[in-house]
Amino acid sequence: MVVATVAEEPRRSLRRTWGAVPVAQVVVRVRVTQTLADQVATSTRQPLLVVGQGEGWGDVEFGDRVELSVTLHPADPGDQVAAVGWVRGPPRALSGPSPLLAGAESMRSGLRSAAAGLAPDPRGLLPALVVGDTAGLGDDLVADLRVSGLAHLTAVSG
């Protein structure tokens with residue numbers, strides 16, 4: 001079990017499995033503030049990438065504090081997260097964003113709105129470069145940024 005702050009807008013996608021119906025899933029980066037394993041609580045601030053099924057994520061937003069039941073797996077070498085957590089069950093909302101994070105999200109939302117008329121790559125790249133909001137980046141653009149050695153430009157704290 002982890003208690004975490006949602007560090008980016010949850011990205012919804014479909015996971016395709018061979019010969020099966022596509023499954024809705026959510027991928028989101030969180031900042032873990034507490035873990036509970038074997039009835040022992042530990043405080044931490046490690047980033048974690050969580051992957052969950054679509055249920056229960058509809059109201060989860062940037063800055064929310066949530067409790068998640070996860071199975072942790074090591075991240076790939078060089079990843080910007082400490083681990084990948086596969087969520088078991090829906091998230092449990094603990095609180096909304098702090099006033100500071102709510103203000104930051106208002107600015108992020110305004111920037112996304114201002115970029116809405118741009119082509120897909122610039123529309124996702126502008127918020128990523130300015131405030132670290134990488135939710136609008138397509139997989140191909142992320143891959144291109146990594147290959148070119150420019151992925152660090154989107155790694156600012158939003």
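The values are calculated or read from the model by the stated rules, or taken from the named source; none is laboratory data. This is a predicted model, so every value here is computed, not measured. Cβ: placed from backbone, ideal geometry, glycine included. Neighbour counts: every protein chain shown. Quick note on the areas: whole protein, heavy atoms, side chains included, nothing else; ligands and nucleic acids left out. Shrake-Rupley method; radii C 1.70, N 1.55, O 1.52, S 1.80 Å.
The set of residues from segment 86-102 being surrounded by 13 or more Cβ atoms within 10 Å (Cβ to Cβ) and within 21 Å of GLY132 (Cβ to Cβ) comprises GLY96, PRO97, LEU101, ALA102.
For SER69, indicate whether it is without any contact (Cβ under 8 Å) to a residue 40 or more places away in the chain and polar (S, T, N, Q). The answer is no for SER69.
Taking the criterion of being surrounded by 12 or more Cβ atoms within 10 Å (Cβ to Cβ) and aliphatic (A, V, I, L, M), the residues of segment 115-124 that qualify are ALA115, LEU118. Going by the structure shown, is SER109 surrounded by fewer than 13 Cβ atoms within 10 Å (Cβ to Cβ) and either in contact with an Asp or Glu (Cβ under 7 Å, 6 or more places away or on another chain) or of a type in the set (S, T, N, Q) (or both)? In short, no. Against the criterion of being open to solvent by 50 Å² or more (accessible area, probe 1.4 Å) and modelled with pLDDT of 85 or more, ARG31 qualifies.
On inspection, GLU67 qualifies as at pLDDT 90 or above, surrounded by 14 or more Cβ atoms within 10 Å (Cβ to Cβ), outside any loop (DSSP other than H, G, I, E, B) and of a type outside the set (Lys, Arg). Consider LEU145 carefully, then state whether it is in contact with a Gly (Cβ under 8 Å, 6 or more places away or on another chain), of a type in the set (A, V, I, L, M) and farther than 15 Å from PRO10 by Cβ. The answer is no for LEU145. The helices (runs of 4 or more DSSP H) falling completely within segment 83-158 that include 2 or more residues that are of a type outside the set (Phe, Trp, Tyr) and either free of Cβ contacts under 8 Å to residues at least 12 places away in the same chain or in contact with a strand residue (DSSP E or B) (Cβ under 9 Å, 6 or more places away or on another chain) (or both) map to 99-115, 139-147.
Conditions tested, residue by residue: (1) in contact with an Asp or Glu (Cβ under 6 Å, 6 or more places away or on another chain); (2) within 13 Å of GLU9 (Cα to Cα).
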residue	(1), (2)
VAL50	no, yes
GLY54	no, no
VAL66	no, no
PRO74	no, no
GLY103	no, no
SER113	no, no
GLY138	no, no
LEU141	yes, no
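Residues that are within 17 Å of the chain's Cα centre (by Cα) and at pLDDT below 85 within segment 35-49 comprise ARG45, GLN46, listed in sequence order.
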